[in-house]
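Here the structure comes first, spelled out in structure tokens, and everything after it is commentary.
The values are calculated or read from the model by the stated rules, or taken from the named source; none is laboratory data. All of these numbers come straight from a predicted model, not from anything done at the bench. Please note: Cβ atoms are built from the backbone with ideal geometry, for glycine as well, and neighbour counts cover all protein chains shown. Just the protein is used for accessible areas: all its heavy atoms, side chains included, with ligands, DNA and RNA removed. Shrake-Rupley method; radii C 1.70, N 1.55, O 1.52, S 1.80 Å.
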Amino acid sequence: MTATSLPPNSAPPVRVRVNRLVLYTVLVALTGLFIGPFGWLILSGLKTPAELAASPVHWLPTDFQWHNFADAFNLIDFLGYARNSLIIALIYAVLVTLSSAWVGFGFARLEAPGKKTLFGILIGSMMLPQMITLLPTYLIFAKLGMVDTYWPWVFWGLAAAPYLVFLFRQFFAGLPRELEEAAIVDGCGYGTIFWRIFLPQSWPVLSASFVIAFTWSWGDYIAPQLLLSTDKSTLAVAVMSTYVTSAGTPVANLQAAASVMYVVPILLIFLIAQRGFVAGMSTTGLK
């Protein structure tokens with residue numbers, strides 16, 4: 001037994017226990033900080049409009065208004081809007097994940113003049129706010145006759161996403177060079193190498209990228225509001241624009257209840273894919 005090791009049944013030193021206690025306290029505080037807004041949203045969905053507008057704040061509802069969730073579901077075509085959101089999110093998430101993987105593979109494993117410059121431009125494009133490209137994007141799709149269709153999300157998906165390209169590039173750059181050299185000796189082209197060797201190896205990054213892309217599309221309000229009519233619009237737009245009184249005043253408690261139901265699919269997808277998501281985010285860039 002070395003001088004720094006402990007007997008199997010001995011308790012950790014006081015300093016170690018104090019450090020653990022401090023760490024757990026910080027983690028619990030951060031967890032509460034992150035969960036707090038969602039908890040407040042749930043409570044808001046269980047209050048009356050008067051309780052939401054009350055001053056000082058009513059932290060807990062006097063009588064839990066569970067019917068708010070049923071009212072929020074029935075007042076609009078909730079399932080129809082959710083279906084539209086799901087279609088758009090799946091189209092975009094699948095296409096952008098595959099296209100970003102292909103572009104990341106090219107940046108990681110292929111050699112070409114100006115590759116580093118192109119990659120720098122790609123990463124720099126992440127600094128552009130969405131509002132800068134919003135008007136040109138709308139004009140392009142209007143000229144092509146794609147307004148009020150789902151084709152914009154198809155083209156956005158095929159165009160790849162800079163952040164996802166970065167994730168895949170970092171992951172593919174860490175794979176052994178012997179993998180592709182052996183495949184080339186066997187007569188495989190780079191397309192076959194990507195689809196049959198590299199892509200199956202990248203399931204953690206695929207999971208992480210799919211969850212990120214799905215969340216982007218599911219939570220997007222601006223693009224559906226700008227490009228789609230009411231019938232084809234998404235749940236995000238419906239939640240923000242349809243729960244209003246005849247005078248145009250938002251019904252906050254119904255919006256909160258609908259927002260809780262709107263968040264549930266994202267939580268379910270993350271819970272299902274969390275293992276791959278965490279693995280993808282933690283192993284990207286490690287050789």
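For region 248-266, state whether one or more residues are touching a strand residue (DSSP E or B) at 6+ places or on another chain (Cβ under 8 Å), buried (at least 20 other Cβ atoms within 10 Å of the Cβ), in the same structural domain as TRP151 (by the TED database) and under 18 Å from PHE73 (Cα atoms). Scanning region 248-266, I find no residue that is touching a strand residue (DSSP E or B) at 6+ places or on another chain (Cβ under 8 Å), buried (at least 20 other Cβ atoms within 10 Å of the Cβ), in the same structural domain as TRP151 (by the TED database) and under 18 Å from PHE73 (Cα atoms), so the answer is no.
Within region 85-97, is even one residue free of Cβ contacts under 8 Å to residues at least 12 places away in the same chain and open to solvent by 30 Å² or more (accessible area, probe 1.4 Å)? No, region 85-97 contains no residue that is free of Cβ contacts under 8 Å to residues at least 12 places away in the same chain and open to solvent by 30 Å² or more (accessible area, probe 1.4 Å).
Of the residues SER217, SER229, SER233, SER241, only one is under 22 Å from SER259 (Cβ atoms) and surrounded by fewer than 20 Cβ atoms within 10 Å (Cβ to Cβ); which? Let's see the steps before the verdict.
On the way: SER217 fails: surrounded by fewer than 20 Cβ atoms within 10 Å (Cβ to Cβ); SER229 fails: under 22 Å from SER259 (Cβ atoms); SER233 fails: surrounded by fewer than 20 Cβ atoms within 10 Å (Cβ to Cβ).
Checking each option against the conditions leaves just SER241.
The set of residues in region 72-108 that are in contact with a Leu (Cβ under 6 Å, 6 or more places away or on another chain) and under 29 Å from VAL244 (Cβ atoms) comprises ALA72, TYR81, ALA82, SER85.
Residues in region 44-68 that are open to solvent by 40 Å² or more (accessible area, probe 1.4 Å) and part of a helix (DSSP H, G or I): PRO49, ALA50, LEU52, ALA53, HIS67.
Given the structure, is THR215 farther than 25 Å from LEU268 by Cα and either touching a helix residue (DSSP H, G or I) at 6+ places or on another chain (Cβ under 9 Å) or assigned by the TED database to the domain that holds PHE119 (or both)?
Details: farther than 25 Å from LEU268 by Cα: no; either touching a helix residue (DSSP H, G or I) at 6+ places or on another chain (Cβ under 9 Å) or assigned by the TED database to the domain that holds PHE119 (or both): yes.
No; evaluated as a whole, the condition is false for this residue.
Looking at THR149, THR133, just one residue is part of a loop (DSSP other than H, G, I, E, B), open to solvent by 30 Å² or more (accessible area, probe 1.4 Å) and closer than 25 Å to LEU226 by Cβ, and that residue is THR149.
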